[in-house]
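The values are calculated or read from the model by the stated rules, or taken from the named source; none is laboratory data. All values reported here derive from a predicted model rather than from experimental measurement. Virtual Cβ from ideal backbone geometry, glycine too; neighbours counted across all protein chains shown.
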Amino acid sequence: MNTEDQIKEMVRQKYSEIALQDKEANASSCCGAGGCSTEVYNIMSEEYDTLDGYNPEADLGLGCGLPTQFAKIKKGDVVIDLGSGAGNDCFVSRAETGETGKVIGIDFTPAMIDKARVNAEKLGFHNVEFRQGDIEKMPVTANLANVIVSNCVLNLVPNKKAVFQEIHRVLKPGGHFSISDIVLTGNLPDKIKSAAEMYAGCVASAINKEEYLGYIHEAGFNEITIQKDKPIIVPNDILKNYLNDEEIAIYQSNPTIIRSITVYAEKKQSCCDPKSGCC
Ligand SMILES: C[S@@+](CC[C@H](N)C(=O)[O-])C[C@H]1O[C@@H](n2cnc3c(N)ncnc32)[C@H](O)[C@@H]1O
């Protein structure tokens with residue numbers, strides 16, 4: 001992998017292909033139009049279909065957690081979903097904000113934005129909006145959101161530190177986020193790290209869990225809590241696309257280093273806010 005812009009272009013192309021092919025093709029293909037990345041996702045995605053607001057057309061099987069489960073969304077909240085894809089978590093969030101709230105999905109892949117807008121239109125939602133943009137520099141004014149959610153996206157972004165600083169900027173004082181993502185607790189084999197398919201599949205670009213949490217601290221968040229932490233077990237039939245038998249054996253001796261976490265944190269109340277009690 002080379003420059004950050006080239007990485008982003010590769011990610012955008014992969015997700016464009018995934019947006020443009022149908023869900024059945026996504027689920028059944030490895031190295032088809034959706035690429036191996038799709039197969040990697042199938043080992044990560046969670047069951048969504050029991051959640052209020054679930055829309056099967058928005059669920060492309062690309063998540064790795066259930067961020068809304070810990071997002072404490074209230075009626076009337078403004079919620080932003082980072083890397084919203086076809087809108088899966090936006091529609092689940094909309095079920096919680098109701099008519100009086102607002103949900104904004106941000107994604108940098110035009111085909112995903114188109115798909116999400118079609119889904120919102122079919123549902124007749126006027127308070128769910130999709131904006132095309134890079135979450136390293138969000139197309140959103142400061143202090144706007146009560147809640148930010150994101151599902152399996154930040155790992156794809158070269159500058160994760162910038163994303164957490166942006167999250168801090170766009171959250172209202174006292175607002176919070178709930179983010180599901182992939183992190184590591186050990187070293188990935190180099191051949192996996194350099195595979196574009198594994199990058200787009202949210203594995204090769206994941207960083208160490210401590211470094212990830214460090215960026216959240218540095219951005220100024222409080223009450224940082226890991227709500228969920230589970231291993232992602234990559235089966236041998238995926239590993240064999242990248243590693244030889246000996247390398248697979250070494251990898252499988254410590255198979256739990258890839259983790260799906262859901263992390264929650266709060267932006268401090270402003271000192272000028274009487275509710276914070278510090279004025
Ligand atoms: C793994 S998919 C997850 C989609 C959605 N969250 C879901 O669970 O269905 C990652 C999404 O993040 C978007 N994405 C990746 N990097 C991004 C960036 N820097 N800014 C905005 N969107 C990005 C991709 O276009 C893609 O739609």
Tell me the residue from Ile135, Ile167 that is near the ligand (Cβ under 9 Å from one of its atoms), under 24 Å from Gly214 (Cα atoms), modelled with pLDDT of 95 or more and touching a strand residue (DSSP E or B) at 6+ places or on another chain (Cβ under 7 Å), please. Ile135
Residues of the stretch 229-261 that turn out to be buried (at least 18 other Cβ atoms within 10 Å of the Cβ), over 16 Å from Gly186 (Cα atoms) and either in contact with an Asp or Glu (Cβ under 8 Å, 6 or more places away or on another chain) or not hydroxyl-bearing (Ser, Thr, Tyr) (or both), as a count: 3
Of a type in the set (A, V, I, L, M, F, W, C), in contact with a Phe, Trp or Tyr (Cβ under 7 Å, 6 or more places away or on another chain) and assigned to a helix (DSSP H, G or I): is that true of Ile248 in this structure? no
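Can you tell me which residue is nearest to the chain's Cα centre (by Cα) among those in the stretch 54-73 that are surrounded by fewer than 19 Cβ atoms within 10 Å (Cβ to Cβ), without any contact (Cβ under 8 Å) to a residue 60 or more places away in the chain and assigned to a loop (DSSP other than H, G, I, E, B)?
Filtering the stretch 54-73 for residues that are surrounded by fewer than 19 Cβ atoms within 10 Å (Cβ to Cβ), without any contact (Cβ under 8 Å) to a residue 60 or more places away in the chain and assigned to a loop (DSSP other than H, G, I, E, B), the one nearest to the chain's Cα centre (by Cα) comes out as Gly61.
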Among the residues listed as His217, His176, the single one being more than 26 Å from Pro255 (Cβ to Cβ), part of a helix (DSSP H, G or I) and over 15 Å from the mean Cα position of the chain (by Cα): His217
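Each row is one residue, and each column tells you yes or no for (1) closer than 28 Å to Pro173 by Cβ; (2) touching a Phe, Trp or Tyr at 6+ places or on another chain (Cβ under 7 Å); (3) hydroxyl-bearing (Ser, Thr, Tyr).
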site	(1), (2), (3)
Lys72	yes, no, no
Gly85	no, no, no
Cys90	yes, no, no
Glu96	yes, no, no
Lys102	yes, no, no
Ile106	yes, no, no
Met112	no, yes, no
Gln132	yes, yes, no
Ile135	yes, no, no
Any residue at all in the stretch 126-135 that is under 30 Å from Glu9 (Cβ atoms), among the basic types (Lys, Arg) and surrounded by fewer than 24 Cβ atoms within 10 Å (Cβ to Cβ)? yes
Given Tyr215, Tyr199, which one is modelled with pLDDT under 95, of a type in the set (Ser, Thr, Tyr) and surrounded by 18 or more Cβ atoms within 10 Å (Cβ to Cβ)? Tyr199
If you check Lys160, Lys191, which single one turns out to be of a type outside the set (Asp, Glu), closer than 30 Å to Ile248 by Cα and at pLDDT below 95? Lys191
The stretch 147-176 - residue that is of a type outside the set (A, V, I, L, M, F, W, C) and touching a Leu at 6+ places or on another chain (Cβ under 8 Å) and, of those, surrounded by the most Cβ atoms within 10 Å (Cβ to Cβ): Asn151
Being touching a residue at least 60 places away in the same chain (Cβ under 8 Å) and farther than 22 Å from Gln69 by Cα narrows Asn208, Asn187, Asn244 down to just Asn187
Within the bounds of the stretch 221-232, is there any residue that is in a helix (DSSP H, G or I), modelled with pLDDT of 90 or more and of a type outside the set (Phe, Trp, Tyr)? no
Scanning the stretch 91-124 residue by residue, those in contact with a Lys or Arg (Cβ under 8 Å, 6 or more places away or on another chain), closer than 20 Å to Met138 by Cβ and more than 15 Å from the ligand (Cβ to nearest atom) turn out to be Thr97, Gly101
